[in-house]
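These notes concern the structure reproduced below.
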Amino acid sequence: IEATFDSYAAAYDEKFNLNAIGRYQRKRVHRLLANLLSPGSTLLDVGCGPGSDFGWYGSRGLLVTALDISGEMVRIAKEQSQKTGLDATIHHTAFLEMPEDKQFDVVLLNFGVINAMPDIKSVKHKIKRILKPSGYAIIVSMPPFHLFSALGDTVHLRLSTLKNRLFKKSLKLSGGMTIYYYSCSDICPGFNLKRRVHLATVLPAPDQYYQRESFFAPVFSALKRLDKYLAERLPDFAGGDHVCYVLQLNDNHKRP
């Protein structure tokens with residue numbers, strides 16, 4: 001996993017942060033976070049990557065702890081922290097190995113971080129132990145079904161890829177890393193689901209847009225308006241490039 005994300009680090013900005021689809025999805029998550037956080041709120045950014053959200057965190061006056069399993073991502077994130085003036089504490093570690101000596105107002109696993117984690121039960125138990133009783137867990141997960149990914153796999157006759165994603169809910173990448181696809185039935189039990197927002201349900205994934213921008217750009221505005229309309233009106237199985245779950249501890253796990 002670390003080697004895979006090390007290899008993604010150099011081109012991450014170009015493929016995701018500077019990409020119209022990537023920017024659109026990130027802004028949607030920022031709007032959700034803005035309603036939950038105020039200056040001085042504590043946030044744990046799990047899988048922070050190259051510090052893509054650090055500028056936004058700084059503009060909100062948040063107290064940020066960040067971690068990533070990739071040493072190269074952490075190196076770039078520390079540089080981004082200096083550039084943006086965000087005084088973040090950044091760790092090179094896996095989430096399940098992180099100390100539990102602090103609790104947070106928000107624990108964020110953004111843009112498929114959870115999809116690199118096979119033991120989702122342990123991840124959820126960890127979140128519950130480090131989340132404040134009134135806090136929120138924000139999990140942005142890649143679901144089994146995404147319209148444009150399914151179309152791409154069908155057109156290019158990657159039928160085994162499509163089958164594995166939809167039915168086995170996992171896919172082994174060429175570099176050896178396995179991606180696990182989760183739905184609400186995997187993520188939500190044990191929490192109170194406050195909101196579910198589908199991201200890019202009728203839009204391509206960022207890498208698809210990046211590869212065929214000349215094809216997608218002319219229709220992007222129209223599809224984006226439709227996507228915003230559908231975002232909170234769809235059942236969970238409708239999927240998307242990502243689905244954002246806003247969760248709180250249920251009464252059984254709230255501490256006095």
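The values are calculated or read from the model by the stated rules, or taken from the named source; none is laboratory data. Since this is a predicted model, take the numbers as computed values, not measurements. Counting neighbours? That spans all protein chains shown, and the Cβs are built from the backbone with ideal geometry, glycine included. Ligands, DNA and RNA are stripped out before the accessible areas are found, and what is left, the full protein with its side chains, is counted by its heavy atoms. Shrake-Rupley method; radii C 1.70, N 1.55, O 1.52, S 1.80 Å.
What to note about this one:
- Answer residue from the range 11-25, given it is open to solvent by 30 Å² or more (accessible area, probe 1.4 Å) and touching a residue at least 40 places away in the same chain (Cβ under 8 Å) and is farthest from Ala137 (Cα to Cα) among those: Glu14
- From Leu44, Leu67, residue being among the aliphatic types (A, V, I, L, M), in a strand (DSSP E or B) and touching a Lys or Arg at 6+ places or on another chain (Cβ under 9 Å): Leu44
- Selection within the range 71-126 - in a strand (DSSP E or B), in contact with a Gly (Cβ under 8 Å, 6 or more places away or on another chain) and not aliphatic (A, V, I, L, M): His92, Phe104, Asp105
- Any hit, the range 80-88, residues being open to solvent by 30 Å² or more (accessible area, probe 1.4 Å) and either among the charged types (D, E, K, R) or touching a strand residue (DSSP E or B) at 6+ places or on another chain (Cβ under 8 Å) (or both): yes
- Qualifying residue in the range 114-136 (condition: in contact with a strand residue (DSSP E or B) (Cβ under 7 Å, 6 or more places away or on another chain), closer than 19 Å to Phe16 by Cβ and open to solvent by 40 Å² or more (accessible area, probe 1.4 Å)): no
- Glu72 fulfils the conditions (1) touching a residue at least 24 places away in the same chain (Cβ under 8 Å); (2) surrounded by fewer than 16 Cβ atoms within 10 Å (Cβ to Cβ) except for a single criterion, (2).
- Residues of the range 223-237 classified as outside any helix (DSSP H, G or I) and closer than 14 Å to Tyr24 by Cα, total: 1
- The range 156-222 holds strands (runs of 3 or more DSSP E) entirely within its bounds, and those carrying 1 or more residues that are of a type in the set (Gly, Ala, Ser) and surrounded by 14 or more Cβ atoms within 10 Å (Cβ to Cβ) map to 170-172.
- Those residues of the range 165-202 which are β-branched (Val, Ile, Thr) and under 17 Å from Val243 (Cβ atoms), in sequence order: Ile179, Ile187, Val197, Thr201, Val202
Every residue, every condition in (1) over 20 Å from Tyr180 (Cα atoms); (2) of a type in the set (Ser, Thr, Tyr), yes or no:
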{"position": "Pro206", "(1), (2)": "no, no"}
{"position": "Arg212", "(1), (2)": "yes, no"}
{"position": "Ala217", "(1), (2)": "yes, no"}
{"position": "Ser221", "(1), (2)": "yes, yes"}
{"position": "Lys224", "(1), (2)": "yes, no"}
{"position": "Tyr229", "(1), (2)": "yes, yes"}
{"position": "Phe237", "(1), (2)": "no, no"}
{"position": "His242", "(1), (2)": "no, no"}
{"position": "Gln248", "(1), (2)": "yes, no"}
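- Comparison of Phe95, Phe145, Phe104 shows that the only residue that is open to solvent by 20 Å² or more (accessible area, probe 1.4 Å) and touching a residue at least 24 places away in the same chain (Cβ under 8 Å) is Phe145.
- Test: residue in the range 39-49 that is open to solvent by 60 Å² or more (accessible area, probe 1.4 Å) and in contact with a helix residue (DSSP H, G or I) (Cβ under 7 Å, 6 or more places away or on another chain): yes
- Cβ pairs under 7 Å, 6+ apart, first in the range 115-142 and farther than 30 Å from Leu203 by Cβ, second open to solvent by 20 Å² or more (accessible area, probe 1.4 Å) and part of a helix (DSSP H, G or I): Ser122/Leu96; Lys126/Leu96; Lys128/His253
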